[in-house]
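Right, one structure below, let's go through it.
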Amino acid sequence: MPKALCIGVTGHRFLAEEKKLRAAVRLAMARLRAQFPKRPLRVLSSLAEGADRSVVQEVLKQQGTTLVVALPLPVEDYRQDFATPQFKAAFTRLIKQAERVLTLPPAGTRNQAYEQAGQYVVDHCDALIALWDGQEAQGRGGTADMVRRALARGVPVFHIKAGNRKPGTTEPTTLGDQQGELVVYNL
């Protein structure tokens, strides 16, 4: 059996117009399937709210896809970062579907732990799906940093244009007509 094609995920936590974004994920998956038709799929994610979960849920619809989870913190500690019982329940359902769950070594701060998890995903994937507004990160280790890291490694990046959030808020923004547009690099 051929080696699994590992698809990493990065992106914003707060998403607007999620239907457009999920349609773009399906388009990215079709492009990957066309490019690598015989390879089974594996999705690698931290299962964070927003982009991670949205992409994982779409990719897992592909028959035979497996899930590997790279957690920045121990499960119960990480679960505290999810805003609502609905998000906590979705996390629990997905983690039960995982083929493997890795808890990364402790980092100095919570933000460093998140950055380390993002780097792990990028460093261990064959392709990266990024739901991203194309702007610089609002904090260290954000989506822009992970996309840059993947591009530097020569990893194919499926950039799905997605608004982020208004700085300092949880209010998602949209990119209007560009929301959900797919741009591919390194393929």
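The values are calculated or read from the model by the stated rules, or taken from the named source; none is laboratory data. Since this is a predicted model, take the numbers as computed values, not measurements. Cβ placement follows ideal geometry from the backbone for every residue including glycine, while neighbour counts extend to all protein chains displayed.
Descriptive notes on the structure:
- Every listed requirement among (1) touching a Lys or Arg at 6+ places or on another chain (Cβ under 9 Å); (2) at negative phi; (3) not charged (D, E, K, R) is met by L47 save one, (2).
- Scanning the stretch 92-143 for residues that are assigned to a strand (DSSP E or B) and either of a type outside the set (A, V, I, L, M, F, W, C) or without any contact (Cβ under 8 Å) to a residue 40 or more places away in the chain (or both) yields a count of 4.
- Complete set of residues in the stretch 139-163 that are within 16 Å of Y120 (Cα to Cα) and among the β-branched types (V, I, T): T143, V147, V155, V157
- Number of residues in the stretch 135-170 that are modelled with pLDDT of 90 or more and surrounded by fewer than 16 Cβ atoms within 10 Å (Cβ to Cβ): the value is 5.
- Enumeration of residues in the stretch 157-185 that are free of Cβ contacts under 8 Å to residues at least 60 places away in the same chain and not basic (K, R): V157, H159, P167, G168, T169, L175, G176, D177, Q178, V183, Y185
- Yes/no for L102 being at pLDDT 95 or above and of a type outside the set (D, E, K, R): yes
- Some residue of the stretch 118-129 being buried (at least 19 other Cβ atoms within 10 Å of the Cβ), touching a Cys at 6+ places or on another chain (Cβ under 6 Å) and under 26 Å from L175 (Cβ atoms): yes
- Hits in the stretch 133-177 - residues which are under 16 Å from the mean Cα position of the chain (by Cα) and on the phi > 0 side of the Ramachandran plot: G134, G141
- The set of residues in the stretch 51-73 that are over 11 Å from the mean Cα position of the chain (by Cα), β-branched (V, I, T) and not in a strand (DSSP E or B) contains only T65.
- Test: residue in the stretch 7-30 that is in contact (Cβ under 8 Å) with a residue 60 or more places away in the chain and more than 27 Å from T173 (Cα to Cα): no
- Every pair of residues 6+ apart whose Cβ atoms lie under 6 Å, when the first sits in the stretch 31-51 and is closer than 25 Å to F91 by Cβ and modelled with pLDDT of 95 or more while the second is assigned to a helix (DSSP H, G or I) and of a type in the set (V, I, T): V43/V56; V43/V59; L44/V121; S45/V56
- Selection from the stretch 76-91 of residues that are in contact (Cβ under 8 Å) with a residue 12 or more places away in the chain and exposed (fewer than 14 other Cβ atoms within 10 Å of the Cβ): A83
- Residue in the stretch 1-23 that is nearest to A113 (Cα to Cα), counting only those that are of a type in the set (A, V, I, L, M, F, W, C) and crowded, with 24+ Cβ neighbours inside 10 Å: V9
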